[in-house]
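The values are calculated or read from the model by the stated rules, or taken from the named source; none is laboratory data. Worth saying up front: this structure is predicted, and the values here are computed from it rather than measured. Cβ coordinates were reconstructed from backbone atoms using ideal geometry, including for glycine residues, and neighbour counts include every protein chain displayed.
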Amino acid sequence: MRQMVIFAFKDDALCFMHVLLNALDLHEKGLGGKIVFEGEATKLIPVMAESQHFLHSLYAKVKDKGLIDAVCRGCSMKMGVLEAVEKEGLPLSGEMSGHPAMSKYIAAGHEIVVM
């Protein structure tokens with residue numbers, strides 16, 4: 001069965017809600033649902049970690065299920081959220097000049113969705 005991984009780039013909470021919902025849906029249906037935070041999306045991590053944020057419960061559910069597969073180390077540093085990502089205990093990745101490599105997922109048989 002196909003396994004999907006979502007590479008999320010946008011710092012837009014309303015758009016990111018769809019990343020979280022789709023990851024949960026894919027996971028529940030046995031289709032993967034891993035998330036890789038890239039670019040400006042890394043800035044959403046400390047925001048969603050706040051209990052009063054409207055995406056907090058969805059974020060917490062995705063995090064608890066282990067669906068956050070990687071957060072870009074380079075982008076986290078550039079966006080000033082590296083410490084927050086580390087505090088959240090999320091896996092940092094940077095094997096491709098500081099960024100997560102799509103090739104790693106493709107080689108493992110995953111299909112990539114970019115949102």
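Remarks
- Residue count for the stretch 54-70 satisfying the condition of being out of contact with any Ser or Thr (no Cβ under 7 Å at 6 or more places or on another chain) and touching a residue at least 24 places away in the same chain (Cβ under 8 Å): 11.
- Which numbered condition E95 fails, given (1) acidic (D, E); (2) modelled with pLDDT under 95; (3) under 19 Å from D25 (Cβ atoms): (3)
- In the stretch 23-36, the residues that are in contact (Cβ under 8 Å) with a residue 40 or more places away in the chain and over 12 Å from V114 (Cβ atoms): A23, L24, H27, G32, K34
- Any hit, the stretch 77-88, residues being surrounded by 16 or more Cβ atoms within 10 Å (Cβ to Cβ) and closer than 26 Å to R2 by Cβ: no
Residues checked against (1) farther than 18 Å from K104 by Cα; (2) surrounded by fewer than 15 Cβ atoms within 10 Å (Cβ to Cβ); (3) not aromatic (F, W, Y):
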{"position": "F16", "(1), (2), (3)": "yes, no, no"}
{"position": "L20", "(1), (2), (3)": "yes, no, yes"}
{"position": "A23", "(1), (2), (3)": "yes, no, yes"}
{"position": "I35", "(1), (2), (3)": "no, no, yes"}
{"position": "L44", "(1), (2), (3)": "yes, no, yes"}
{"position": "S51", "(1), (2), (3)": "yes, yes, yes"}
{"position": "V62", "(1), (2), (3)": "yes, no, yes"}
{"position": "I68", "(1), (2), (3)": "no, no, yes"}
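- Checking each residue of the stretch 9-22 against the condition of being in contact with a His (Cβ under 8 Å, 6 or more places away or on another chain) and among the charged types (D, E, K, R) gives no match.
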